[in-house]
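*Asks:* One structure, pasted below without further comment.
The values are calculated or read from the model by the stated rules, or taken from the named source; none is laboratory data. Model, not experiment: these values are computed from the prediction. Cβ placement follows ideal geometry from the backbone for every residue including glycine, while neighbour counts extend to all protein chains displayed.
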Amino acid sequence: MNSAYLSPGERHDILFDFFPNTIGNSISLQSQSFSGIGSQGTQMDLLRFDNIGNLSSGGIVPQNLPPINYYDIIDINGTRDFTLTQEMMEIGMHRINGLTYKMNRIDETIPYNQLEEWKFINSTNNFHPMHVHGVLLQVHSRNGNPNIPPNDKGWKDTVLVNPNETVQMLVKFNDDSGIYLLHCHYLEHEDDGMMLNILIDASTNVENENSPPDTFELNQNYPNPLNQSTVISWKQPVSGFVSLKIFNTEGKEIVELVKANMKAGTHSINFDALNLSSGMYIYKLQNSNFVETKKMIL
Ligand SMILES: [Cu+2]
């Protein structure tokens, strides 16, 4: 191949063999124009290589790249649609599932370590390179066609969704749990609101009981300072009774968020602070032999 299609935020690793190019020649890496909505961009040189002599390291381009274990669609445990829209004459024109970004809103709660099928449905005449934080995913099909081009076949964190196209992806979060972003990597679309918060919920991890954390740990809430709601998470090494309480700075108990037997593993809970006045609050996690407090700002 001598060209590749690269969308904003997307990365390709390219192996290039200079050997066939004879000494004295120049090779340039160019950005080329392409046809999208009309003609886009201007051709220009990005980088020029002058082949001035035989400086071969003796390296060769490998015949095969490391194999990828492709997900099997029979393992899909849930599906999720993300519809991309463009509203005319409104603030926040670029939307996902009708939403523009809100810092304190969790838009999707996603179970940990389970394979999901995500469909990005582009109902606009625009390109949207969709970027997901915290995971590498696999493209499965475009408009239902699983015969995808070679550059779709690697692990991806940014996938171009062409105008009016539906791209099916296979996604499994099995690294750190917590809140991640999903957004269009055209920054003017993202800044206009084409971004969501996704919560990877480790309390649903079916493998937690096989590999519980080593120690109790109360995590800092997110977001902090909080506006309307926040997520408090903790790790517990053993199953058992747990209490999570919120206090004001005078020590008055506001609410007991958790009062239950919980399994070993990582847990998170949403705290809704709608009726509270602003200021500092304390949250306390306690069981029979562990207690930890942290502060949060409303
Ligand atoms: Cu976009």
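*Asks:* Hey, can you tell me all the residues within region 119-156 that are over 21 Å from residue 199 (Cα atoms) and among the polar types (S, T, N, Q)?
*Replies:* 122, 123, 124, 125, 126, 141, 143, 145, 147, 151
*Asks:* So if I check each of 222, 283, which one is of a type outside the set (Lys, Arg) and modelled with pLDDT of 90 or more? Walk me through it before giving the result.
*Replies:* Working: 222 fails: modelled with pLDDT of 90 or more.
Result: 283 is the single residue among 222, 283 that is of a type outside the set (Lys, Arg) and modelled with pLDDT of 90 or more.
*Asks:* Further, regarding this structure: Filter region 153-165 down to residues that are in contact with a His (Cβ under 9 Å, 6 or more places away or on another chain) and more than 16 Å from the ligand (Cβ to nearest atom), then give me how many there are.
*Replies:* Residues meeting the conditions: 1.
*Asks:* So in region 73-92, with the set limited to residues that are modelled with pLDDT of 90 or more and assigned to a loop (DSSP other than H, G, I, E, B), which one is nearest to residue 195 (Cα to Cα)?
*Replies:* Result: 78.
*Asks:* To continue, here is another question. Give just the number: which of (1) within 12 Å of residue 203 (Cβ to Cβ); (2) exposed (fewer than 14 other Cβ atoms within 10 Å of the Cβ) does residue 280 not satisfy?
*Replies:* Of (1) within 12 Å of residue 203 (Cβ to Cβ); (2) exposed (fewer than 14 other Cβ atoms within 10 Å of the Cβ), only one is false for residue 280: (1).
*Asks:* Restricting to region 125-144, and then to whatever is modelled with pLDDT of 95 or more and over 20 Å from residue 78 (Cβ atoms), can you tell me which residue is nearest to the ligand (Cβ to nearest atom)?
*Replies:* Within region 125-144, the match that is nearest to the ligand (Cβ to nearest atom) is 128.
*Asks:* Turning to a different aspect of this structure: If we keep just the residues of region 166-214 that are modelled with pLDDT of 85 or more and of a type in the set (Val, Ile, Thr), which is farthest from the ligand (Cβ to nearest atom)?
*Replies:* 200
*Asks:* Of everything in region 37-50, what is modelled with pLDDT of 80 or more and assigned to a loop (DSSP other than H, G, I, E, B)? Give them in sequence order.
*Replies:* Just the residues of region 37-50 that are modelled with pLDDT of 80 or more, to begin with: 41-50.
Result: 41, 42, 43.
*Asks:* Quick one: how many residues across region 283-298 are surrounded by 14 or more Cβ atoms within 10 Å (Cβ to Cβ) and in a strand (DSSP E or B)? Quick ask: steps written out before the conclusion?
*Replies:* Our first condition is that a residue be surrounded by 14 or more Cβ atoms within 10 Å (Cβ to Cβ); within region 283-298, this holds for 283-287, 290, 294, 296, 298.
Those left that are additionally in a strand (DSSP E or B): 283-287, 290, 294, 296.
Result for region 283-298: 8.
*Asks:* Moving on. Which residues, counting only those in region 82-104, are among the aromatic types (Phe, Trp, Tyr) and either away from the ligand (no atom under 15 Å from the Cβ) or not assigned by TED's automatic domain parsing to the domain that holds residue 159 (or both)?
*Replies:* Listed by number, the list is empty, since nothing qualifies.
*Asks:* Then there's this: Give me a count of the residues in region 133-142 that are in contact (Cβ under 8 Å) with a residue 60 or more places away in the chain and either over 23 Å from residue 173 (Cβ atoms) or under 11 Å from the mean Cα position of the chain (by Cα) (or both).
*Replies:* 1
*Asks:* Let me ask something else about it. Of all residues being β-branched (Val, Ile, Thr) and either within 16 Å of the ligand (Cβ to nearest atom) or surrounded by fewer than 17 Cβ atoms within 10 Å (Cβ to Cβ) (or both) in region 109-124, which is modelled with the highest pLDDT? Just the residue, please.
*Replies:* 121
*Asks:* So for region 143-160 (the condition being more than 13 Å from the chain's Cα centre (by Cα) and within 20 Å of residue 95 (Cα to Cα)), does at least one residue qualify?
*Replies:* yes
*Asks:* Of everything in region 82-108 that's closer than 25 Å to residue 176 by Cα and touching a Ser or Thr at 6+ places or on another chain (Cβ under 9 Å), which residue is surrounded by the fewest Cβ atoms within 10 Å (Cβ to Cβ)?
*Replies:* Kept after step one, since they are closer than 25 Å to residue 176 by Cα, are these residues of region 82-108: 82, 96, 101-108.
If we keep only those that are touching a Ser or Thr at 6+ places or on another chain (Cβ under 9 Å) as well, we get 96, 104-106.
Values: 96: 24, 104: 15, 105: 12, 106: 17.
Top of the filtered list is 105.
*Asks:* Go through the residues of region 246-263 one by one and say whether even a single one is in contact with an Asp or Glu (Cβ under 8 Å, 6 or more places away or on another chain) and at pLDDT below 85.
*Replies:* Yes: region 246-263 contains one or more residues that are in contact with an Asp or Glu (Cβ under 8 Å, 6 or more places away or on another chain) and at pLDDT below 85.
*Asks:* Please list, ordered by first then second residue, the pairs with beta carbon atoms under 7 Å, 6 or more apart or interchain, first in region 105-132 and under 22 Å from residue 34 (Cα atoms) and not assigned by TED's automatic domain parsing to the domain that holds residue 265, second among the charged types (D, E, K, R) and within 16 Å of the ligand (Cβ to nearest atom).
*Replies:* 122/165; 129/10; 131/157
*Asks:* I've got another one for you. Run residue 16 past the list (1) out of contact with any Phe, Trp or Tyr (no Cβ under 8 Å at 6 or more places or on another chain); (2) over 30 Å from residue 146 (Cβ atoms); (3) at pLDDT 75 or above and report the number of the one that doesn't hold.
*Replies:* It is condition (2) that residue 16 fails.
*Asks:* Then there is this: Which of the residues belonging to region 160-197 are aliphatic (A, V, I, L, M) and under 20 Å from residue 76 (Cα atoms)? Break it down stepwise before answering.
*Replies:* Kept after step one, since they are aliphatic (A, V, I, L, M), are these residues of region 160-197: 160-161, 167, 169-171, 179, 181-182, 187, 194-196.
The answer is 167, 169, 170, 171.
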